[in-house]
1. Can you list which of the chymotrypsin sites (Phe, Trp or Tyr not before Pro) found in segment 1-90 are DSSP loop residues with at most 11 other C-beta atoms within 10 Å?
2. Between ALA23 and VAL57, what FRET efficiency follows from the Cβ-Cβ distance if R0 is 41 Å, with the result rounded to 0.05?
3. Indicate the helices, whole DSSP H runs only, in the chain that combine a mean Kyte-Doolittle hydropathy of 1.6 or more with a Cα extent along their long axis of 18 angstrom or more.
4. Hey, what number do you get for the chain at 222 nm if only DSSP H runs of n ≥ 4 count, each worth -39500 (n - 2.57), divided across all residues, to the nearest 500?
5. Just to be sure I understand the curve: with the Debye formula and one point per C-alpha of segment 10-97, what is log10 I(q)/I(0) at q = 0.11, 0.15, 0.16, 0.26 Å⁻¹?
6. Take the chain, connect every pair of alpha-carbon atoms lying under 10 Å apart with a spring to form a Gaussian network, then pick out the residue of ALA24, ALA50, ALA39 with the largest mean-square fluctuation.
Amino acid sequence: MKPGTQMPLWTIGAPVLAVAILAAAMFGLVGGGFLVGLAALGLAGSVFAAVHHAEVVAHRVGEPLGTLVLVLRTGRTIILHGVILLTLFVVYLFTTIVP
């Protein structure tokens, strides 16, 4: 991206949508498998937005530091993704097996 250009709207909208899904789940507006599907979509969009922002920062800081930024971001994303998916799976099991 060139300096002065705007961020794509999806990089802002995806995390906002994920927070809205979280709020709907907290207040009991949605539940069950539908909630798991929405949460997965919100998680995927948020991860893509975070990786996009890391790529923008990497391009702006240049070659040696930019590569380091991308490596650190990718490692954190994979670990975070695994933890969140495991948490969603455990919550799904407890909500379906234990009434």
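1. Numbers: sites: TRP10, PHE27, PHE34, PHE48, PHE89; in loops: PHE27.
Answer in residue order: PHE27.
2. Working: r = 29 Å, r/R0 = 0.70.
Efficiency for this residue pair is about 0.90.
3. Details: long enough: 10-26 (24 Å, 2.01); 32-61 (44 Å, 1.27); 63-97 (51 Å, 1.57).
The answer, listed by residue number, is 10-26.
4. Details: 3 runs with 82 residues, N = 99.
So the calculated ellipticity at 222 nm is -29500 deg cm²/dmol.
5. Log10 I(q)/I(0), no solvent term: -0.38, -0.63, -0.70, -1.25.
6. Result for the chain, Cα springs under 10 Å: ALA24 fluctuates most.
Since every read-out is calculated from the coordinates, none of them should be taken as a lab result. Keep in mind the model is a prediction, meaning the values are calculated, not measured. Ideal geometry is used to build each Cβ from the backbone, glycine not excepted, and the neighbour counts take in all protein chains shown.
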